[in-house]
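Below: one structure, written as structure tokens.
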């Protein structure tokens, strides 16, 4: 059994919660007592239909307001795959929570109500998912039962969404016409839409490749912790513990340790299940090296050739997540990048992105809550970086406000994977 | 999913435990948990691990040992002894502490009552579920713990489904669900202010079934009451409660001997048994695959009191 992390975005109105409820129930991840409690609560909260949103809206405030505020994580399995589903809110005021849920996802489900077509919210979800490097999108064209399962209505939505997919350079977009309420094309193929030749949603999710391509990237292993057992039998032992972010780590391999640039050879790799000859993402390992070099947390094991860039100034796409303050040029934060922390100053706000029009505003003077833009940063110590579009681990960072300890921004190093144009006029 | 597919799932779950390709998802969950544990040990000056003697904390401790070996665990395990624990859970705690040579910090509800720190309960069998929260917070304060690991899983309950891996508690130990920090990629923000502490949940993404599959694969020791055994029980509000000094039939319910096991192990006053013949992890997995009653719904009287019972207790600082 493997593992696929997916995110959904949307609101109750799109039928997202109904879809999740059905996926959970049909794959036996929703138990009878939970369903009974939901039926009971539906009667008290809303009236006469079973509101599956009450399964996923876990907080009292969400149930009272009938709106998803924060990410909920849900789990279901098929014989070959475990799914971790981050169910994220759709409203623009909770964009930061969507970014939280989508940051770890390998695929995203985008909900569209066939009657409304592609609305601003669906576009925003697609753009944010794409910025986060999720290049597998499943567009669920929902509520087909309300348009008589009409192929023309589905095609109209599909053809109006395709230009955006092209614009975002999405490799793998799949459209599925469905009725989450009636179960058409969710788990079982729909008898009502014989014109649709593709897989139902669950079969499609099972067929998506998981964690592709990380092995073929250059080796990156940030050191998290130095293991030094204070026992006689391990007198000279020093183990470097960390998770392999990309590439393959092998015993006998020559590695370069960044940022010091020192080189050594891997002599032993300990995985959670014992000594191994090689390790790959996402293995959490402890390695030993041949030379007596002082390696500390925050350094990174890389291959001797093809190391990351060492940079103290770089461009990044930033999503601002703090409601109390705004990002402005000159602001200073703490940056956490892999296992390394430093100070960072914003030297320039290059562009404020309009997520709906895909344009960039060059003259903006700040980024407020939920706004996304391109900035230039200077950091107090050089970081071993890659572009986010080539490596999500070594290309990502967070900014922390040292006054409040809040996580105020999510950052992706380099340019976005697609261009934001300058607005006309 | 059709019935046939469900049956296929059952069979698959049973036969393929030893095939490593079948347990790839467990390896991914294990790696994630170890990564989180190492981040905490690297960034916090005084971590502790909440160890209840239940299966989730047994798995958590097993992962912590793996994350840091061959070094010894560089932090203590913390147990909140409610005075209503199953004796088997306490015996298990002591045997694990002995085997691994751990430091054990105990916060005792009985002592807190005796010293007047919390009010004397109205009866010996009165639920100590809420009383343990002030004792837990005082134990964290006295031990100067800046981060405490917990074995909570998001699949247990819907307010837990919303909680971050790193969950900030204010100086009163409270969780503020409306104001959680964004948590991005695997970049955890361990910054806290004075008086605050962090609760950290490395098993967030594990389900009950993942826990059992991992216990089976790794041969993790558990209190024996997780497996089927003969026990004196009586039925109360549709749940099978174990007969004990603090749990006696109140309305003349008949006491019977049944083959039971516990799906969760909390206090004797609030944890119910399920009828079962499952005597091995594999048999428990088979039962878990076919039950349609959730873990907490089946066995925890403490979660049945209100629609938002868990959210309310968590806000106060509960586990």
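The values are calculated or read from the model by the stated rules, or taken from the named source; none is laboratory data. Only a predicted model underlies this, so the values are computations on that prediction, with no experimental measurement involved. Don't worry about glycine lacking a Cβ; one is built from the backbone with ideal geometry, like all the others, and counts go over all protein chains shown.
Out of A:138, A:170, A:108, I need the residue that is assigned to a loop (DSSP other than H, G, I, E, B), away from chain B (no Cβ under 14 Å) and within 30 Å of residue A:420 (Cβ to Cβ). Which one?
Values: A:138 fails: assigned to a loop (DSSP other than H, G, I, E, B); A:108 fails: assigned to a loop (DSSP other than H, G, I, E, B).
From the options A:138, A:170, A:108, the qualifying one is A:170.
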If residue B:63 meets every condition in (1) more than 14 Å from the chain's Cα centre (by Cα); (2) within 22 Å of residue B:209 (Cβ to Cβ); (3) surrounded by fewer than 24 Cβ atoms within 10 Å (Cβ to Cβ) apart from one, which number is that one? (3)
Of (1) surrounded by fewer than 20 Cβ atoms within 10 Å (Cβ to Cβ); (2) closer than 22 Å to residue B:203 by Cβ, residue B:123 fails just (2)
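I'm trying to understand the selection: among the residues of the range A:276-298, which are closer than 25 Å to residue A:212 by Cα and assigned to a strand (DSSP E or B)? Explain how you work it out, then say what you get.
If we filter the range A:276-298 for residues that are closer than 25 Å to residue A:212 by Cα, which is where we start, we get A:276-287.
Hits for the range A:276-298 are A:276, A:278, A:279, A:280, A:284, A:285, A:286, A:287.
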Residue hits (the range B:265-280; surrounded by 21 or more Cβ atoms within 10 Å (Cβ to Cβ), touching a helix residue (DSSP H, G or I) at 6+ places or on another chain (Cβ under 8 Å) and not in a strand (DSSP E or B)) are B:265, B:266, B:270
Taking the range A:314-324, which residues are part of a loop (DSSP other than H, G, I, E, B) and either buried (at least 19 other Cβ atoms within 10 Å of the Cβ) or in contact with a strand residue (DSSP E or B) (Cβ under 7 Å, 6 or more places away or on another chain) (or both)? A:321, A:322
Working only within the range A:221-243, note down all residues that are facing another protein chain (nearest Cβ under 8 Å) and in contact (Cβ under 8 Å) with a residue 12 or more places away in the chain. A:224, A:225, A:227, A:237, A:239, A:241, A:242, A:243
Hey, any hits in the range B:80-94 for a residue that's assigned to a helix (DSSP H, G or I), within 14 Å of chain A (Cβ to nearest Cβ) and modelled with pLDDT of 95 or more? no
Inter-residue pairs, beta-carbon under 6 Å, first more than 13 Å from every other protein chain (Cβ to nearest Cβ) and in a loop (DSSP other than H, G, I, E, B) and in the range B:60-79, second at pLDDT 95 or above and surrounded by fewer than 22 Cβ atoms within 10 Å (Cβ to Cβ), 6+ apart: B:76/B:103; B:76/B:105
Of the conditions (1) at pLDDT below 95; (2) crowded, with 17+ Cβ neighbours inside 10 Å; (3) part of a helix (DSSP H, G or I), the single one that residue B:1 does not satisfy is (3)
Just one of the numbered conditions (1) within 14 Å of chain A (Cβ to nearest Cβ); (2) exposed (fewer than 15 other Cβ atoms within 10 Å of the Cβ); (3) farther than 25 Å from residue B:165 by Cα; (4) at pLDDT 90 or above is not true of residue B:193; which one? (3)
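Step by step: first the residues of the range A:390-423, then only those that are more than 14 Å from every other protein chain (Cβ to nearest Cβ) and buried (at least 17 other Cβ atoms within 10 Å of the Cβ), then the one that is nearest to residue A:335 (Cα to Cα). Which residue is that? Show your work before the answer.
At the first step, the residues of the range A:390-423 found to be more than 14 Å from every other protein chain (Cβ to nearest Cβ) are A:390, A:414-423.
Now narrow it down to the ones that are buried (at least 17 other Cβ atoms within 10 Å of the Cβ): A:414, A:416-417, A:420.
Numbers: A:414: 16, A:416: 20, A:417: 22, A:420: 25 Å.
Ranking the candidates gives A:414 first.
State whether one or more residues within the range A:340-354 are outside any strand (DSSP E or B) and either buried (at least 16 other Cβ atoms within 10 Å of the Cβ) or at pLDDT below 95 (or both). Break it down stepwise before answering.
First, pick out the residues of the range A:340-354 that are outside any strand (DSSP E or B): none.
No, the range A:340-354 contains no residue that is outside any strand (DSSP E or B) and either buried (at least 16 other Cβ atoms within 10 Å of the Cβ) or at pLDDT below 95 (or both).
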Condition met for residue A:132 (within 13 Å of chain B (Cβ to nearest Cβ) and crowded, with 22+ Cβ neighbours inside 10 Å): yes
Which of the residues belonging to the range B:146-178 are touching a helix residue (DSSP H, G or I) at 6+ places or on another chain (Cβ under 8 Å), under 12 Å from residue B:197 (Cα atoms) and either away from chain A (no Cβ under 14 Å) or modelled with pLDDT under 90 (or both)? B:148, B:149, B:172, B:173, B:174, B:175
